[in-house]
Each structure stands twice: as C-alpha cells, then as structure tokens.
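K.L.:
Got a structure for you, written out below as structure tokens; questions coming shortly.
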Amino acid sequence: KNKTSYRSLVFPNLDRQSPPKKMEDSHLPFNSEAVQATAVDALVSKLHAIRLGYWNDPFASLFTRKKDKRPPLINRGYWTRFEAFRMIMEQFLNTLEGQPKQIISVGSGLDTTYFTLKVKYPQ
C-alpha cells in the first residue's frame with residue numbers, strides 16, 4: 001500500500017529538480033511551482049550551511065532530501081541573515097516578561113523558526 005505523506009500533499013512539487021519553464025504555466029495569478037522551487041532552493045542553501053556547522057537546526061532536514069552544495073559566500077550570507085533574525089527575535093521575546101507575544105512568519109511554509117522557538121520557549 002502506497003502511503004502519501006502530509007508534506008507531499010501540501011507541497012506536491014517540493015522535490016522538483018527545476019522550476020517550471022514558463023511563468024504562464026499556472027492558472028494562479030502567480031506561479032505556485034516557481035514559489036515552491038524558490039523556497040526549496042533557499043532551504044537547501046540553509047541546510048548546506050547547517051551541515052557545515054554554521055548553526056544548529058534539527059528541523060531543516062525534515063523538509064527536503066536534497067543535499068546540494070553552496071559556495072562559502074552563500075553559507076555566510078544565510079548565517080548572517082539567520083543570526084540577525086535570531087538576535088531580533090530573542091530580544092523581542094525577552095522584553096516585557098510574562099506578556100504574551102506573537103511572531104508572524106510570512107513565507108512559503110518551509111521556515112523552521114516556529115519549531116526552533118517552540119523548543120526554546122515551550123510556553
């Protein structure tokens with residue numbers, strides 16, 4: 001019996017090798033396959049930097065099986081972005097102790113920030 005994973009239902013083209021040939025290939029006002037391909041490419045870049053030890057994220061590898069390599073400059077760029085956002089979120093979450101806070105992540109659903117914050121701040 002063939003089991004379909006939740007990930008493949010939500011992101012049916014997640015492990016595509018390349019983006020679609022034309023932006024007009026979609027009936028949507030934007031090309032969702034192109035958006036998914038961009039999200040996967042970004043995640044693969046982050047995953048390469050994580051595997052090299054730039055930072056720890058045990059959740060990133062759960063979203064894709066691709067293992068492409070990236071140049072050092074790309075790794076450093078992702079680390080810089082990650083570290084800047086981490087510092088801003090930590091600073092925000094540590095203000096006004098005891099007060100509820102909300103972080104809204106606008107993206108394609110492949111950002112692991114929620115999971116890493118949930119582990120660190122279970123409340």
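The values are calculated or read from the model by the stated rules, or taken from the named source; none is laboratory data. Note that the structure is a prediction, hence the values are computed from the model and not measured. We place every Cβ from the backbone using ideal geometry, glycine too, and count neighbours over all the protein chains shown. Please note that ligands, DNA and RNA were not included when accessible areas were found on the heavy atoms of the full protein model with its side chains. Shrake-Rupley method; radii C 1.70, N 1.55, O 1.52, S 1.80 Å.
K.L.:
For the pair VAL106 and ARG65, how long in nm is the line joining their label points, each one 7 Å along Cα→Cβ?
P.N.:
Taking the simple label geometry, VAL106 and ARG65 are separated by 3.4 nm.
K.L.:
Per residue, how much accessible surface does the range 39-123 expose to a 1.4 Å probe? Answer in Å², no decimals.
P.N.:
Accessible area per residue: 71 Å².
K.L.:
Turning to a different aspect of this structure: At a 1.4 Å probe radius, which order do VAL44, VAL35, VAL106, VAL119 fall into by accessible area, largest first? Each step should come with its number before you reach the end.
P.N.:
Numbers: VAL44 5, VAL35 70, VAL106 140, VAL119 100 Å².
The ranking, largest first, comes out as VAL106, VAL119, VAL35, VAL44.
K.L.:
If you don't mind, there's one more thing I want to ask. Using a 7 Å offset from the Cα along the Cα-to-Cβ direction at both ARG76 and TRP55, what is the distance between the two label points in nm, to one decimal?
P.N.:
The modelled label-to-label distance comes out at 1.7 nm.
K.L.:
Let me ask another. 7 Å from Cα along Cα→Cβ at both MET87 and SER32: what's the point-to-point distance in nm?
P.N.:
Placing both labels 7 Å beyond Cα along the Cβ direction yields 3.8 nm.
K.L.:
Roughly how many percent of the accessible protein surface of the range 42-123 is carbon and sulfur, given a 1.4 Å probe and a whole-percent answer?
P.N.:
Numbers: 3620 of 5960 Å².
Taking all protein chains in place, the range 42-123 shows 61 percent carbon and sulfur surface.
K.L.:
Find the centroid of the Cα atoms in the range 90-109 and in the range 58-86, then give the distance between the two in whole Å.
P.N.:
22
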